[in-house]
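Reviewing the structure listed below.
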Amino acid sequence: MSTPRTHSSRLYGVWNSFWFLPMAIASSAVVLAVLLLTLELTLALPVVGFLPSEPAGARSLLSSIITAMISFTALVFSITVVAVQLASSQYSPRVLRAFLQDRITQVTLGVFVATFLFAMVVLAALPDGADARLPELSLALSMALVLGSTGTFIYYLHHITALMRVSHMIAAIGAQTRDAIGRWAADPGEQSESPPLGPVVSVLTAPASGAVTSIDLERLGRIARQHDCAIAVTPTPGDFVVEGLPLLTIHQTGDAPPRPVDPASAAAGVDIGVERVPGQDIGFGLRQLSDIAERALSPGINDVTTAVRALQESHDLLRRLAGRPDRARTVRDDDGSLRVQARRQSFDSHLAVSIDDIQRTAPDQPRIVDLIATILSDLETVARPEHRATIRRRRAVVDARVT
C-alpha cells in the first residue's frame, strides 16, 4: 500500500530522479531538430556552402554518428554501474543515491542521447533526390553535438573517478548535511521547551510502512485551521513507521471538540518512502558517515584512515548541532495559536549514531578512541546546557576504556 503524496513531494521526486534531466535534454534535442529542419527545408534559409555534402555522404555521416553515440551511451552506463557496485561494497549501500542524483552523470547521459536522437531526426528528414538541397545547418549542428559529447565524455571520466574517492564522497555527504542543518534544524536562539498541546481527541495511524521522508507543515496547518484543532506528528523525519501505528495525534484547542479530520487527507502531509532521503532527515547524513566508518573498520577492510576522516566530518556536523535546541517545528496562527507540532531528531540520537556505533565497532583502536575523546571534549565546550549531560555520559565511557 502506498501513501498519498503532495504536489510538492511529487515534484521533488521527479526533479531528483535519475531519468528526468536526461529525458529533458533528449526531448529538447528532438524539438530543436524538428524546428531547425523546418526552417532549413521549408523556408530555405541561405546557408548554402556551410557544410557541403552529397545526400549519400550525409547519410553515411549521420549513420556513423548514430552508431558511435549508441556505443558511447552503453559505455557510460557500464561505467556508472561499476561505480555504483564499488561504492556499495566499499562505502555503504546508502551512498548510492549520491551516484544516481549526480548531475554530471545525468547531463552526460542526456547529451549522448540528445546527439543520437538529433542525428536520427536529421537522417529521417534527408531528401532522396541527388540534386536536393541538404539541411546543412542541421548537419553542422550534428557534428558540433558529437564534439560536445566527446568533451563531455572526457570530463565524465574525470568526474566519476573523483566521485568514487572516499574523501570526495565524505565531503559531499558533509556539505549536503550542513545544508540540511541550516534549513531544517532549530535556530540556536530558540528555547528548548516545546509548546504544550491540548488534550488528545483522536489518533490517526500510518497508512503504510516505510521511512518518513518529509513533513508538509503547511498542509497540516491548513487542515488544522479548517477543523479548528492542533496536529502533532508522532515520528520524526527518518523514523521507520509501521502500518497501523500512530502517525498523527489530533488535539483539542478550544472548549468544544474539533470537527473530525479525514485520515487520508491528513496522512498526505507526511511522506513515507522505501528509504531515507536527505533534506529534513538531518540524521541521514550522519548515518552515512557512520556506515562508512564502520565499514572501513571491519576486519575485511581495516582502513582506519577512512574511519578517521568520516569521524572528522561528523565532528563538524555535531558541532553545528550542539548549539541548537531539541525544539519541535511548529506552525502558528497570526494570534499565536499552535496548529502543528513536529518533533525534530534529538541531539542525543545524533550522538548515538555518530559516536556509539563507531565506538562499539572499534573499542581497541587507539586512533579512533582518542579521536572520539577529542570530539566529545570539544562538543562539551560549545554545547547547550541541556546537551552536556549526554556528552559527559559518553565521555565517561571513553575515559574508562582509555584507562
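Here are some notes:
- Surface share of carbon and sulfur [accessible, 1.4 angstrom probe, percent] for region 358-403: 53
- The orientation-averaged shadow of the Cα convex hull for the chain, equal to a quarter of the hull surface, comes to 26.5 nm².
- When the inverse distances between all different Cα atoms of region 141-193 are averaged and flipped, the Kirkwood radius reads 14.6 angstrom.
- Accessible area (Å², per residue) of region 97-256, counting only protein heavy atoms and a probe of 1.4 Å: 44
- Euclidean distance between Cα centres, region 101-170 to region 196-269, Å: 48
- Viscosity 0.692 mPa s, temperature 37 °C, Stokes-Einstein D of region 261-312 from Kirkwood C-alpha radius, µm²/s: 245
- The length gained by stretching the chain between ASP128 and ALA56 to full extension, at 0.36 nm per residue less their Cα-Cα distance, is 25.0 nm.
- Helix-derived mean residue ellipticity, 222 nm - over the chain, DSSP H n ≥ 4, -39500 (n - 2.57), to 500: -19000 deg cm²/dmol
- Potential extension, GLN191-ASP333 segment - 0.36 nm per residue separation minus Cα distance: 49.2 nm
- Using R0 = 41 Å, the C-beta based FRET efficiency linking VAL31 and SER89 works out to 0.50.
- Accessible area of LEU371 in the full protein assembly, 1.4 Å probe (Å², nearest 10): 40
- DSSP bridge pairs, the chain: antiparallel proportion in percent, nearest 5: 85
- Estimated FRET transfer efficiency (THR381, ALA171; beta-carbon r; R0 22 Å; 0.05): 0.30
- Screening the chain for DSSP H helices whose Cα atoms reach 30 Å or more along their own axis and whose mean Kyte hydropathy is at least 1.6 gives 103-125.
- Accessible surface of TYR91 - all protein chains present, 1.4 Å probe, nearest 10 Å²: 10
- Under the convention that each Lys and Arg Cβ holds +1 and each Asp and Glu Cβ holds -1, the size of the dipole of region 272-403 around its Cα centre is about 280 debye.
- Inter-centroid distance (Cα atoms) of region 342-403 relative to region 298-326, Å: 10
- Dipole moment magnitude, nearest 20 debye, region 116-249 about Cα centre, only Lys, Arg, Asp, Glu C-beta charged: 160
The values are calculated or read from the model by the stated rules, or taken from the named source; none is laboratory data. Because the structure is predicted, anything quoted here is derived from the model rather than measured. Please note: Cβ atoms are built from the backbone with ideal geometry, for glycine as well, and neighbour counts cover all protein chains shown. Calculation scope for accessible area: heavy atoms of the full protein, side chains included, ligands and nucleic acids excluded. Shrake-Rupley method; radii C 1.70, N 1.55, O 1.52, S 1.80 Å.
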